[in-house]
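**Q** One structure coming up, written as structure tokens, with questions to follow.
The values are calculated or read from the model by the stated rules, or taken from the named source; none is laboratory data. Model, not experiment: these values are computed from the prediction. In this analysis, Cβ positions are derived from the backbone assuming ideal geometry, glycine residues included, and neighbour counts consider all displayed protein chains.
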Amino acid sequence: MIWSNIIQKILFLFLSGQGIVGNIFVLVRHVYIFSMGPEKKTVDIVLIHLVFSNTLVICSIEIRQITTNLNYLNFLGDVGCKIVVYLERVARGLSICTTCLLSMIQAITISPRASLCRKIKPQTTWQVLPYLLLFWVLNSLISSNLLRYIIAVRSMNSSTRIEMPYQYCCMLPSKEIIKWLFLSLLTLRDVIFQSLMGWSSGHMAFHLYKHHKRVLYLHSSRFTHNSSPEIRATLSILILMTCFLVFYWADFMFSFYIGSTLKHDSTILNIKLFIELGYASLSPFVLINQNVHRVS
């Protein structure tokens, strides 16, 4: 068990460390491109926001893990617990919203110029900022119940029932109407943004299929290997969305299992921890390998 815990901690530090380094690299790269480039592209703002959200997720998880591993269960206190758990939830919401916005922009970009979709595409960075502000307001409100019900373990009365463990923090029980209200808002947000992701991914896949048919028609192997930057950006965003959905649904299934069985097995919790880190840590390497800057 000791070696198992050591290996888990090493894997956690490796995954979170390379995730932070990767996100910072992408962040600095696109900040530089946006500030120094001759043309201010909307995708740079969206990517900066995405990697910032993912970095916030990783840092929040790392803080609570390091705090627990060092056995300083009361280190953060009530305020610290509220801030860390709240920021993690908000950042996760920002990640799904920003990934959806990125996929929508790319789907609109590859649409025919005469289509209605091209008319609603943000043309300047200032037209993207209201969307990002809306994401912050939306996710801050949806997660606001955590500021009321999350407390430190040391503040918990021995007779108080815990609904959701965070190892060094816990969530107090709330009224049924409040509980289902926030669960409904979370579900509605996920359904809306994942539906938009589904439409955009289908649209992009159809465009790639038509592109493939044109390549076959031209019988040009050189053209096949030297696809346009637009196609490469489309492929990278499809990969990004696929990664997000795989990790999202895996996390959902583990969360549903833990919530329904109320069994907090250490192995299950550790697997869930790595799944939570998965998208935020791996997504920057998809962006590094593909030139998504050419998306718009």
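**Q** Determine whether the stretch 106-121 contains at least one residue that is modelled with pLDDT of 85 or more, out of contact with any strand residue (DSSP E or B) (no Cβ under 9 Å at 6 or more places or on another chain) and not in a loop (DSSP other than H, G, I, E, B).
**A** No, the stretch 106-121 has no match at all.
**Q** Could you identify the single residue in S184, S155, S144 that is among the polar types (S, T, N, Q), at pLDDT 85 or above, surrounded by 13 or more Cβ atoms within 10 Å (Cβ to Cβ) and farther than 30 Å from A205 by Cβ? Give the steps one after another, and end with the answer.
**A** On the way: S184 fails: surrounded by 13 or more Cβ atoms within 10 Å (Cβ to Cβ); S155 fails: at pLDDT 85 or above.
On inspection, the qualifying residue turns out to be S144.
**Q** Which of the residues belonging to the stretch 35-52 are part of a helix (DSSP H, G or I) and in contact (Cβ under 8 Å) with a residue 60 or more places away in the chain?
**A** Across the stretch 35-52, the qualifying residues are T42, V43, D44, I45, V46, L47, H49, L50, V51.
**Q** When Y86 is evaluated against the numbered criteria (1) modelled with pLDDT under 85; (2) more than 30 Å from T109 (Cα to Cα), which criterion, by number, is the only one it fails?
**A** (1)
**Q** While we're here: Output the residue which, of all residues in the stretch 12-33 that are closer than 23 Å to T267 by Cβ and among the aliphatic types (A, V, I, L, M), is surrounded by the fewest Cβ atoms within 10 Å (Cβ to Cβ).
**A** If we take residues in the stretch 12-33 being closer than 23 Å to T267 by Cβ and among the aliphatic types (A, V, I, L, M), then L13 is surrounded by the fewest Cβ atoms within 10 Å (Cβ to Cβ).
**Q** Same structure again: Quick one: L132 ticks every box in (1) at pLDDT 75 or above; (2) not in a helix (DSSP H, G or I) except a single one, so which number is it?
**A** (2)
**Q** Taking interchain pairs and intrachain pairs at least six residues apart, which have beta carbon atoms under 6 angstrom, with the first residue in the stretch 19-31 and under 21 Å from S60 (Cβ atoms) and the second of a type outside the set (V, I, T) and surrounded by fewer than 18 Cβ atoms within 10 Å (Cβ to Cβ)?
**A** Final answer for the pair search is G22/F285.
**Q** Look through the stretch 63-79, keep the residues that are buried (at least 18 other Cβ atoms within 10 Å of the Cβ) and within 26 Å of H49 (Cα to Cα), and return whichever of them is modelled with the highest pLDDT.
**A** Top of the filtered list is I63.
**Q** Which residue pairs have Cβ atoms under 6 Å apart, sit 6 or more places apart or on different chains, and have a first residue in the stretch 57-82 that is in a helix (DSSP H, G or I) and a second that is of a type in the set (S, T, Y) and at pLDDT below 70?
**A** Within 6 Å, the pairs are T67/Y168; T68/Y168; D78/S155.
**Q** Those residues that are modelled with pLDDT of 75 or more and not small (G, A, S), I need them from the stretch 247-266; list them, please.
**A** Listed by number, the residues that qualify are F247, Y248, W249, D251, F252, M253, F254.
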